[in-house]
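Asker: Mind looking over this structure? Questions follow.
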Amino acid sequence: MATASKTYEAFFFRQRPKAPVECVFVATSADVFDWAAVPTKTSKDLRNFQRPEIQPHVDEIKEFFSNHEENCSPSAIVVGFRRPPRCLDESSAKLNLSKISVGQLVRGRVEISYTDPVDLDVAGKRQLLSQTIGSEIAMTEALIAKLKTSLDSSGVLSADSSRDVAGEEDTATETVSVVGSDAEEDEKDSEADDDAMAVADDSGGASVDALDLLDEDVARLNELKLIRVEDLSDPQVDEFLTVLLDRSKPGLIIDGQHRIRGTKNEKIYFPVTALPDATWPELAFQFIVQNRTARQVPDRLLINIVGKSLTPEELSGIEKRLNDSGIPVPLYQGVMKLHEDPDSPFYGKLKFLGVKGESGIIDAASAKTKIVNFWFDCGALYPLVKHMLPGKTRRERVLAWQTSGLWYQFLKVFWNEAKTLYEHSTLWSNEVEKDGKTPVSRLMRVTITNLTQVAVIQQMAEDLTTMIKGDIKGVATMPTLLPDIDAFHERAKFYFKRLKADFFQDWGDAAKGFDGSKHIRDKYVEAVKFVVSGSKTIESLKKEGKDQHLLYKSIGA
């Protein structure tokens, strides 16, 4: 066999009396890739628990480390082992991990041996493949024998027996041997997956359908026996060798597979937390707990950090890195401005921390998504304002719209007009329902806020386009009809005068569920456009009968 080994200076410790020993050291991503595999769960690898590699996530990590030399990822890569590495103390004597007590910090080294075919010629690779296949066959036959003897009359493998099978060692090579079943997905950007394993049943022990495992191993054994190395082409030898050697790597990546894949060519140094003597069930448990309990930082908190925790000077030093890492700094700053600018129509109305006593009534993250982004993105507004913006292309004009802050000025004149008309009603109040969360004002519920601005801007664009098309002299254009922000303001005032406060009263049961029903949202936009266009009155929409608008209908009406 072409063997290699890596040795790392390490610290060994134990967190709790019954917890496994942990070993911390520093290694490059290329090193970890050489000796650790990802135990990916597939239909042919029932025992495994890791999710399949997500290529876009790998690409994001590559880009993150390529963009700025200052970028780093201080979070540790977590690994376990199929075959325990050599753990040595400072005198190079074998370290007895069972003797390490809680609070004791032991300096030493960890030595990891693995198969490395990098310098082998074609003949050497063929020989290595033959040896690897032979080891795989022998190991798989041993697993099958153990499974057969461990089966009880119900065809179920007990927890104790499954641990024996999972821990079966082979000093040369060993495939993954795992017990488990599917667990619920946890949606997060780091490493979670809907193929994670469940931990235990109500009795406290895990169980697995041994017949399924047996079928899996028999199928694998038959596949291995069909391989004839002498009949394979050189590329086929490389392909088989890559797959089998990956299965035989001593290390297993529990957390960090995308960071390793994304940086292995760059040889980035990472802290590594290893569990050198943890059992397979313990490794599966660690994967589940790390990924099931992890939660993303709420967007509203990130907005507050960008807007309040950093001085302008501090932010300027990292702003480009944040933007390049997918954090929309200008958008976050816009949300904070919406909340802190005394001239803002939503001054003081946002909540960021979700803590008791916070005065705001509109979730900051929702405001970013459904209010601010509508204006910042310039999508629906672009046909109305493009003549006001410098630049030759749409991209240049939108960038000017964003960087000049013009988007915010348009937002302000639009919603300040609504505030002026509604501030003496409950529509602009800061009151909340008895639950302490839901605004009393329907208009302050961000979905309604968003749909209202969408409907009014749509109607404005349709009206102006109709005027341009109907101008028999051919002099009407968007620049002449809407030359500046003042003209936009006058049109917004015209529409909101029609959208009186009583439009938001007397809604029926059918108007519930805006967030869950596209049909209801579309009907709301329709109702707003009916009113602001002058084609229907609020009274006619409310009037009972077959023509009553869905917004005001009761269930069964």
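Asker: When you scan segment 431-463, how many residues do you find that are under 25 Å from L331 (Cβ atoms) and in a helix (DSSP H, G or I)? First the steps, then the outcome.
Answerer: Pass one, segment 431-463, residues under 25 Å from L331 (Cβ atoms): 437, 439, 441, 443-458, 460-461.
Now restrict to residues that are in a helix (DSSP H, G or I): 446-458, 460-461.
Number satisfying all stated conditions: 15.
Asker: Residue pairs, Cβ under 8 Å, 6 or more apart or interchain, first in segment 378-405 and touching a residue at least 40 places away in the same chain (Cβ under 8 Å), second among the charged types (D, E, K, R) and in a loop (DSSP other than H, G, I, E, B). List them.
Answerer: M388/D484
Asker: Within segment 411-430, identify whether any single residue is outside any loop (DSSP other than H, G, I, E, B) and modelled with pLDDT under 90, and answer yes or no. Don't jump to the end; show me each part of the working.
Answerer: Step one: filter segment 411-430 for residues outside any loop (DSSP other than H, G, I, E, B), giving 411-422, 426-428.
Next, only the ones that are modelled with pLDDT under 90 stay: 426.
Within segment 411-430 (the criterion being outside any loop (DSSP other than H, G, I, E, B) and modelled with pLDDT under 90), the answer is yes, since at least one residue qualifies.
Asker: If you don't mind, another one. Which residue, of R491, R521, R498, is in contact (Cβ under 8 Å) with a residue 24 or more places away in the chain, in contact with a Gly (Cβ under 7 Å, 6 or more places away or on another chain) and under 19 Å from V454 (Cα atoms)?
Answerer: Values: R491 fails: in contact with a Gly (Cβ under 7 Å, 6 or more places away or on another chain); R521 fails: in contact with a Gly (Cβ under 7 Å, 6 or more places away or on another chain).
Only one candidate qualifies: R498.
Asker: Another question, then. Out of S325, S366, S344, report the one residue that is more than 23 Å from S404 (Cβ to Cβ), touching a helix residue (DSSP H, G or I) at 6+ places or on another chain (Cβ under 8 Å), surrounded by 16 or more Cβ atoms within 10 Å (Cβ to Cβ) and among the hydroxyl-bearing types (S, T, Y). Please lay out each step first, then the result.
Answerer: Details: S325 fails: surrounded by 16 or more Cβ atoms within 10 Å (Cβ to Cβ); S344 fails: more than 23 Å from S404 (Cβ to Cβ).
Matching residue, one of S325, S366, S344: S366.
Asker: Determine, yes or no, whether D506 is acidic (D, E) and assigned to a loop (DSSP other than H, G, I, E, B). Let's see the steps before the verdict.
Answerer: Numbers: acidic (D, E): yes; assigned to a loop (DSSP other than H, G, I, E, B): yes.
Here the answer is yes, as D506 does meet what is asked.
Asker: If you go through segment 481-495, how many residues are over 19 Å from K419 (Cα atoms) and part of a helix (DSSP H, G or I)? Give the derivation first.
Answerer: In the first step, residues of segment 481-495 are kept if they are over 19 Å from K419 (Cα atoms); the result is 481-484.
Still in the list and also part of a helix (DSSP H, G or I): 481.
Of the residues in segment 481-495, 1 are over 19 Å from K419 (Cα atoms) and part of a helix (DSSP H, G or I).
Asker: Residue by residue through segment 483-497, note down the ones that are within 13 Å of I457 (Cα to Cα) and among the hydrophobic types (A, V, I, L, M, F, W, C).
Answerer: Residues satisfying the conditions are F488, A492, F494, F496.
Asker: Let me ask something else about it. If I ask for residues that are at negative phi and assigned to a loop (DSSP other than H, G, I, E, B), which ones from segment 509-519 would you list? Write out each step before concluding.
Answerer: Applying the first criterion (at negative phi) to segment 509-519 yields 509-512, 514-519.
The answer is K512, F514, D515, G516, S517.
The rows are residues; the columns are (1) assigned to a loop (DSSP other than H, G, I, E, B); (2) acidic (D, E); (3) loosely packed, with under 15 Cβ neighbours inside 10 Å; (4) not assigned by TED's automatic domain parsing to the domain that holds I448.
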{"position": "G474", "(1), (2), (3), (4)": "yes, no, yes, no"}
{"position": "P479", "(1), (2), (3), (4)": "no, no, yes, no"}
{"position": "K497", "(1), (2), (3), (4)": "no, no, yes, no"}
{"position": "V531", "(1), (2), (3), (4)": "no, no, no, yes"}
{"position": "S540", "(1), (2), (3), (4)": "no, no, yes, yes"}
{"position": "E544", "(1), (2), (3), (4)": "yes, yes, yes, yes"}
{"position": "D547", "(1), (2), (3), (4)": "yes, yes, yes, yes"}
{"position": "S554", "(1), (2), (3), (4)": "yes, no, yes, yes"}
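Asker: If you don't mind, there's one more thing I want to ask. Mind listing just one residue for me: the one in segment 76-109 that is of a type in the set (G, A, S) and in a strand (DSSP E or B) and, of those, farthest from the chain's Cα centre (by Cα)? Break it down into steps so the answer makes sense when it comes.
Answerer: Narrowing segment 76-109 to residues of a type in the set (G, A, S): 76, 80, 91-93, 98, 101, 103, 108.
Now narrow it down to the ones that are in a strand (DSSP E or B): 80, 108.
Details: G80: 24, G108: 37 Å.
By that ranking, first place goes to G108.
Asker: Same structure, new question: Just to be sure I understand, how many residues within segment 11-56 are closer than 19 Å to A274 by Cβ, in a strand (DSSP E or B) and either among the hydroxyl-bearing types (S, T, Y) or modelled with pLDDT under 90 (or both)?
Answerer: 3
Asker: Which of the residues that make up segment 110-138 are surrounded by fewer than 19 Cβ atoms within 10 Å (Cβ to Cβ) and in a strand (DSSP E or B)?
Answerer: E111, S113, listed by residue number.
Asker: Further question: Collect the residues in segment 242-263 that are part of a helix (DSSP H, G or I), among the aliphatic types (A, V, I, L, M) and farther than 17 Å from Q55 by Cα, keeping them in residue-number order. Spell out how you get there, then give the answer.
Answerer: Step one: filter segment 242-263 for residues part of a helix (DSSP H, G or I), giving 242-248, 257-263.
The next check asks that each one be among the aliphatic types (A, V, I, L, M); those that pass are 243-245, 260.
Of everything in segment 242-263, those that are part of a helix (DSSP H, G or I), among the aliphatic types (A, V, I, L, M) and farther than 17 Å from Q55 by Cα turn out to be V243, L244, L245.
Asker: Next question, about the same structure. Is it true that some residue in segment 390-411 is under 25 Å from the mean Cα position of the chain (by Cα) and surrounded by 14 or more Cβ atoms within 10 Å (Cβ to Cβ)?
Answerer: Step one: list which residues in segment 390-411 are under 25 Å from the mean Cα position of the chain (by Cα), which gives none.
Within segment 390-411 (the criterion being under 25 Å from the mean Cα position of the chain (by Cα) and surrounded by 14 or more Cβ atoms within 10 Å (Cβ to Cβ)), the answer is no, since none of the residues qualifies.
Asker: I need a count of the residues in segment 453-472 that are exposed (fewer than 14 other Cβ atoms within 10 Å of the Cβ) and either within 42 Å of the chain's Cα centre (by Cα) or basic (K, R) (or both).
Answerer: Qualifying residue count, segment 453-472: 2.
The values are calculated or read from the model by the stated rules, or taken from the named source; none is laboratory data. Keep in mind that this is a model prediction, so the values were computed, not measured. Here Cβ is always computed from backbone atoms with ideal geometry, including for glycine, and neighbour counts include all displayed protein chains.
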